[in-house]
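One structure below.
The values are calculated or read from the model by the stated rules, or taken from the named source; none is laboratory data. Computed from a prediction, not measured in an experiment: that's the story for all the values here. Methodologically, a virtual Cβ is constructed for each residue, glycine included, from the backbone with ideal geometry; neighbour enumeration extends over all protein chains shown. Quick note on the areas: whole protein, heavy atoms, side chains included, nothing else; ligands and nucleic acids left out. Shrake-Rupley method; radii C 1.70, N 1.55, O 1.52, S 1.80 Å.
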Amino acid sequence: MAAQSFDVVVIGAGPGGYVAAIRAAQLGLKAAVVEREHLGGICLNWGCIPTKALLRSSEVFHLMERAGEFGLKAGQIGYDLNAVVKRSRDVAAQLSGGVKHLLKKNKVTVIMGEASLPAKGKVSVKTDKGTEDLTAKNIILATGARARELPGLEADGDLVWTYKHALNPPRMPKKLLVIGSGAIGIEFASFYNTLGADTTVVEVMDRVLPVEDADISAFAKKQFVKQGMKIMEKSMVKQLDRAKGKVTAHIETGGKVEKLDFDTVISAVGIVGNVEGLGLEALGVKVDRTHVVTDAYCRTGVEGLYAIGDIAGAPWLAHKASHEGVMVAELIAGQHAHPVKPETIAGCTYCHPQVASVGYSEARAKELGYDVKVGRFPFIGNGKAIALGEQEGLVKTVFDAKTGELLGAHMVGAEVTELIQGYVVGRQLETTEEDLMHTVFPHPTLSEMMHEAVLDAYGRSIHM
């Protein structure tokens, strides 16, 4: 059978890949996407979306337990874990079906199978029916990443879980150990802790949520501890002894090793890029610590070969992958494309309380040599937060003292993952403190705290 020819072949149909293929098709290019497992990738099927569905269930459960605070009565509050998980799987399935429809609507050819690159401009796909050969002037690698497994701490699906097992759990953990307090670890810790698991989080760095601003990490930790979590920082799980229904974890803190028993362990110690089996070495693609090395335009250095999303390195976020996909499609179509800058990308963590940030932390801004002005505003000073019964939170802004440029914004509290976008747009439009001060924020809203945190940086806060 003759090889099928395309302008663009995308390998991987996650939020980077399927978006790249759709944008390429919109620009008049003949596009195909190759996917070995699920349309929508990890994000849609085993990541961003189903975790948010689970966390929504635990949030509603938490509110039901607080009913009395709101003058409401609710009896026999409980949950059915299987039903909670089923809802989350149904949400993922609905969206995966939506991606299939979008690809079809945009006339993107979908080939289910495992891809490799036998030579420049060629893609070989192993499908159920045999091997299909494709040729394309442009190939976009969007193969994503998977959970990092540390020696001795490997998942078995029974006692030790990765995010996949945690999303479709064989049982409700009673005594849970979460290794790693990045977004994935802390979201699962939050979910299971809210549903009643006795939860311990171990973090090797000096604080939980280590990529966040130090003030935000400290505030979030206080809330987690208040909710009954045990947080062990500057600590390392050295080994796991597995027995029937029990895991003994050897946890080292400051040179001392403590042995603690758990019935479930969730490992969330980062990710590794899916770079194997593609034939990248033979093509001369540079791979550094499981990630493809690219320039600002996602070019690999091999003509016509691009890499986007998780396989191309941090930040490992779906929205970064999607924007890179659009940029590369526009570049291929000969349009004027703008590189995606890491410091313009917001990070959101959907634990309770939520955490969101964009740009530089206070410490990072100072490291980069900026003279900074910092503003802070607590949720307790906001009418809407108190009315919602959500007065635990903080908004922090970091400005360049010389120019008034918004260098970074950091938040912890209710709904901050929705609020952060205001600061993202502000930074994109190169706004200054003056623009933000003159902006009229509606009342009563949580967003007013964003205004107050700006005013505070310049000693002008009204409500504190």
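The table for this structure:
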item: Sequence-distant residues sharing a close amide H with Ser5 (under 5 Å, placed H); result: Thr135
item: Using θ = phi - 60° and Karplus 6.51 cos²θ - 1.76 cosθ + 1.60, couplings along the stretch 23-37 (whole Hz; Gly, Pro as x); result: 5, 4, 5, 4, 8, x, 8, 7, 10, 10, 10, 10, 9, 8, 10
item: Accessible carbon and sulfur surface of the chain relative to its total accessible area, %, 1.4 Å; result: 53 percent
item: Å² of accessible area per residue within the chain, as computed with a 1.4 Å probe and no ligands counted; result: 47 Å²
item: Whichever lysines have a C-alpha closer than 16 Å to that of Lys402, once near sequence neighbours (fewer than 8 apart) are set aside; result: Lys366, Lys373
item: Relative contact order for the stretch 130-232, counting Cα pairs under 8 Å that sit 6 or more residues apart, in percent; result: 20 percent
item: Hits among lysines - C-alpha to C-alpha of Lys137 under 29 Å, sequence gap 8 or more where chains match; result: Lys30, Lys100, Lys104, Lys105, Lys107, Lys120, Lys122, Lys126, Lys129, Lys286, Lys320, Lys341
item: Filtered trypsin sites (Lys or Arg not before Pro), the stretch 312-404: DSSP coil and at most 14 other beta carbons within 10 Å; result: Lys402
item: 26 Å Cα-Cα threshold exceeded, pairs from Lys222/Lys256; Lys164/Lys222; Lys175/Lys384; Lys222/Lys246; result: Lys164/Lys222; Lys175/Lys384; Lys222/Lys246
item: Prolate/oblate/rounded label for the stretch 204-292 (Cα gyration tensor, a/c 1.5); result: oblate
item: In order through the stretch 315-329: 3J(HN,Hα) via Karplus (6.51 cos²θ - 1.76 cosθ + 1.60), integer Hz, x for Gly, Pro; result: x, 8, 9, 4, 5, 5, 4, 4, 5, 5, x, 5, 4, 5, 4
item: In order through the stretch 119-131: 3J(HN,Hα) via Karplus (6.51 cos²θ - 1.76 cosθ + 1.60), integer Hz, x for Gly, Pro; result: 7, 4, x, 10, 10, 10, 10, 7, 10, 4, 9, x, 10
item: FRET efficiency, Asp241 to Ala401 (Cβ-Cβ, R0 60 Å, nearest 0.05); result: 0.65
item: Tensor-based shape of the stretch 82-170 (alpha-carbon gyration tensor, a/c under 1.5 rounded, otherwise prolate or oblate); result: oblate
item: Loop chymotrypsin sites (Phe, Trp or Tyr not before Pro), the stretch 236-341, which have at most 16 other Cβ atoms in a 10 Å radius of their Cβ (DSSP); result: Tyr297
item: Dipole in debye (nearest 20) - the stretch 344-464, about Cα centre, beta carbon charges: Lys, Arg +1; Asp, Glu -1; result: 160 debye
item: Cα gyration tensor shape of the stretch 141-206, rounded if a/c is under 1.5, else prolate or oblate by comparing a/b with b/c; result: prolate
item: Relative contact order, percent, the stretch 24-135 [alpha-carbon distance under 8 Å, six or more residues apart]; result: 35 percent
item: Contact order relative to length of the chain, as percent, for alpha carbon pairs under 8 angstrom and 6 or more apart; result: 14 percent
item: Ranking by accessible area, most exposed first, for Asp158, Asp295 with a 1.4 Å probe; result: Asp158, Asp295
item: Highest to lowest packing among 221-232, 434-445, scored as the average C-beta count within 10 Å; result: 221-232, 434-445
item: Considering only the chain, percent of DSSP beta bridges that pair antiparallel, nearest 5; result: 65 percent
